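Throughout, read-outs are computed from the coordinates displayed, never taken from laboratory work. In this text the structure is predicted, and so the values were computed from the model without any measurement. Note: ideal-geometry Cβ built from the backbone for every residue, glycine included; neighbour counts use all protein chains shown.
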Amino acid sequence: MRYITLALLVLIGLVHAELWFGKGGVPRVMDLQGKLALQKVGNDAARARNAQLDAEVRDLKEGLEMVEERARYELGMVKPDEILVQVSTPRK
């Protein structure tokens, strides 16, 4: 009985030592948690930058479409391969 107790205590000691000093031990987990926190901060900054760039792209696309529409209707401008056809209503 005494040997079984001693063997179990040695095994518990080995498991405990592996927990603290092994590959997947507490220091490794803490190191990975720190790296994860830094990566999350970097990801949040990248997401914010991506959202800002997306808004700029949408503004530029919509802005160019509005400029093009205004130039076509108000100034009668056409693209190089287009033919302008104006339809007028008869006067009464």
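For the range 32-46, enumerate the residues that are over 16 Å from the mean Cα position of the chain (by Cα) and surrounded by fewer than 11 Cβ atoms within 10 Å (Cβ to Cβ). Of everything in the range 32-46, those that are over 16 Å from the mean Cα position of the chain (by Cα) and surrounded by fewer than 11 Cβ atoms within 10 Å (Cβ to Cβ) turn out to be Gln33, Gly34, Lys35. Scanning the range 51-74 for residues that are over 21 Å from Val85 (Cβ atoms) and among the small types (Gly, Ala, Ser) turns up Ala51, Ala55, Gly63.
Considering only residues in the range 58-86 that are among the acidic types (Asp, Glu) and assigned to a loop (DSSP other than H, G, I, E, B), the one that is surrounded by the fewest Cβ atoms within 10 Å (Cβ to Cβ) turns out to be Asp81.
List, please: which pairs have Cβ atoms under 6 Å, are six or more places apart or on different chains, and start with a residue in the range 27-47 that is in contact (Cβ under 8 Å) with a residue 12 or more places away in the chain and within 30 Å of His16 (Cβ to Cβ) and end with one that is exposed (fewer than 10 other Cβ atoms within 10 Å of the Cβ) and not polar (S, T, N, Q)? From residues that are in contact (Cβ under 8 Å) with a residue 12 or more places away in the chain and within 30 Å of His16 (Cβ to Cβ), there are no pairs.
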